[in-house]
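See below for the structure under consideration.
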Amino acid sequence: FFKRKRLKFLDDHTYLSRNMVVDSHTQEFYDKFLSTLNLKDMSQYPDLWKTYDKLSNFLSLDHDNILITRGVEGAIKQVFDNLKFKRNAIGIISPTYAMYEVYARSKNIDVKKISGEKPEYKISIEKVKALASEVDVIFLDNPKSHIPHYFEKNEIDEILQFCQNNGTILFLDEVYVGWESDTYLNHSQVANNLIVSSGLSKIGFPSFKAGWLVTNKNLKKILESNRSSYELNYFACKGIEFIIDNIDYVEDLKDNLLNTKKRWISKLKNSNKFKIYDSKNYVIRAYSEDSRIAKTAFEELKSEKIIVGLVDECNLVFSVTNCHDIENKIIKALK
């Protein structure tokens, strides 16, 4: 066993460090969701058939290709709980989601990592293929939360074909798809060694903890063999159905935040302290070779009750927000 810890958050602080949409939804939108809840349903188990129907139509895929999970994390857990690891190893591209390594360590599975050179952190296809040759599953989050490099569809094709020839499964984590990048599913049929996962958390609804994976029928049977009798609770199921029915609201939310990101980047581009990097979503990265500058800016913002991610000694990572007071404080600390 290894020790886990639960994060404790400070009251009255704004956490821009969690790669989340931090702005509140409108009261009207909240009330509209509540109106979909049915009093008599509260005493029943959720009807997953309705949720699968809604998601199947939304993704234009058969039920047999879809497994609903507790966010992308739930999809990751299904992989570790149900697949056989003949090489006893997984591959990840660092920096990435911490739970890949947590679940691997809990199963005594080796974790092989690769990373790009700072400050761009770009990874070559050949480097990914070399990693894939050594592992059972390669977890590829594409796009990453705060790195502008993104594998295009033809590059994923090449990686996937190599994995297929090598007996490796490609787990494509698409939780940040839909902002400034498109899903790979629109490009290709679901291969027999491909798992694609996404969810609602990074489009502003982490409270539902709702996600899904897409794969071929045979692999899905393996992955769902130990699923719960009900994959999600009533509220999360209603959340999936409601968001799909109100996807125009989500698209407007995205457009608004992406415009906000452009404004922040424009104000920060002439910073004397940091080099500013865009992403394929609502996250910005500020890079400095001088670790003292990064640490000072982090502490200055923390004194203002604003928490940004100090992901290493050189990089500050943070989500944008439409709060102008926070925006002004970020610009002042980083410029």
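The values are calculated or read from the model by the stated rules, or taken from the named source; none is laboratory data. No experiment lies behind these values; they were computed from the predicted model shown. As a convention, Cβ positions derive from the backbone with ideal geometry for all residues, glycine included, and neighbour counts pool all protein chains shown. Heads up: the accessible areas ignore ligands, DNA and RNA and are worked out on the full protein's heavy atoms, side chains in. Shrake-Rupley method; radii C 1.70, N 1.55, O 1.52, S 1.80 Å.
Positive end of the dipole of the chain (Cβ unit charges, origin at the Cα centre): among PHE298, PRO148, ILE159, the Cα lying farthest that way belongs to PHE298. Farthest toward the dipole's positive end in the chain, which of THR14, ILE222, VAL177, given Cβ charges of +1 (Lys, Arg) and -1 (Asp, Glu) about the Cα centre? The Cα lying farthest towards the positive end belongs to THR14. Calculated mean residue ellipticity, 222 nm, the chain: -12000 deg cm²/dmol, from DSSP H runs (n ≥ 4) at -39500 (n - 2.57) each, averaged per residue and rounded to 500.
Over the chain, what is the relative contact order in percent, taking alpha-carbon pairs closer than 8 angstrom and at least six residues apart? Please list the in-between numbers first.
Values: 553 pairs, mean separation 78.1, N = 335.
This gives 23 percent for the chain.
Summary of packing: across the peptides 148-154, 131-137, the per-residue average of other C-beta atoms within 10 Å ranks them, highest first, as 131-137, 148-154.
Size descriptors for region 163-252, from the alpha-carbon set: Rg then Dmax equal 14.6, 42 Å.
Ordering of 275-284, 257-266 by packing is 275-284, 257-266, highest average first (other Cβ atoms within 10 Å, averaged per residue).
Of the DSSP beta bridges with both residues in the chain, give the percent that are antiparallel, rounding to the nearest 5.
45 percent
The mean accessible area for residues of region 133-210, using a 1.4 Å probe and ignoring ligands and nucleic acids, is 34 Å² per residue.
Which of the residue pairs LYS202/LYS273; LYS40/LYS238; LYS275/LYS305; LYS153/LYS269; LYS144/LYS261; LYS295/LYS332 have a Cα-Cα distance greater than 20 Å in the structure shown?
Numbers: LYS202/LYS273 29 Å; LYS40/LYS238 14 Å; LYS275/LYS305 24 Å; LYS153/LYS269 30 Å; LYS144/LYS261 16 Å; LYS295/LYS332 15 Å.
From the list (LYS202/LYS273; LYS40/LYS238; LYS275/LYS305; LYS153/LYS269; LYS144/LYS261; LYS295/LYS332), the Cα-Cα distance tops 20 Å for LYS202/LYS273; LYS275/LYS305; LYS153/LYS269.
One way to sum up the overall shape of region 118-207 is the equivalent ellipsoid from its Cα gyration tensor, whose semi-axes run 22, 16, 12 Å, largest first. Here the calculated FRET efficiency for ILE331 and ALA130, from their Cβ-Cβ distance with R0 = 45 Å, stands at 0.65, rounded to the nearest 0.05.
Taking the Cα centre of the chain as origin and charging only Cβ (+1 Lys, Arg; -1 Asp, Glu), how large is the dipole, in debye to the nearest 20? Don't skip to the answer; put the middle values down first.
Working: 49 positive and 46 negative charges, 234 e Å.
With Lys and Arg at +1 and Asp and Glu at -1, about 1120 debye.
The relative contact order of region 186-267, computed from alpha carbon pairs under 8 Å that lie at least 6 residues apart in sequence, is 24 percent. Along each principal axis, taking the top coordinate minus the bottom one, the Cα set of region 42-132 gives 52, 29, 25 Å in descending order. Between the listed residues PRO46, LEU59, THR69, the Cα displaced farthest toward the positive end of the dipole of region 1-96, a dipole computed from Cβ unit charges relative to the Cα centre, is found at THR69. Only Cα sites of the chain enter the Debye sum here, all with the same form factor; the resulting log10 I(q)/I(0) across q = 0.12 1/Å is -0.92, listed in q order.
With a cut-off of 8 Å between alpha carbons and a minimum separation of six or more residues, what is the relative contact order of region 1-147 in percent? Walk me through the numbers before you get to the answer.
Working: 99 pairs, mean separation 29.4, N = 147.
It rounds to 20 percent for region 1-147.
Of all aspartates and glutamates in the structure, the ones whose alpha carbon falls short of 16 Å from that of LYS280, not counting any fewer than 8 places away in one chain, are GLU120, ASP141, GLU152, ASP173, GLU174, GLU180, ASP182, GLU251, ASP255. Computed from the C-beta positions of ASP278 and LYS50 and an R0 of 45 Å, the FRET efficiency is 0.70 to the nearest 0.05.
Mind giving me the FRET efficiency for MET42 and HIS63? R0 is 45 Å, r the Cβ-Cβ distance, nearest 0.05 is fine. Write down the numbers at each step before the final one.
Values: r = 26 Å, r/R0 = 0.58.
The computed FRET efficiency comes out at 0.95.
Given the Cα-Cα distance of SER24 and GLU155 and 0.36 nm per residue of separation, how much length would full extension add, in nm? Let's see the in-between values first.
Values: separation 131, 0.36 × 131 = 47.16 nm, distance 3.66 nm.
Computed gain between SER24 and GLU155 is 43.5 nm.
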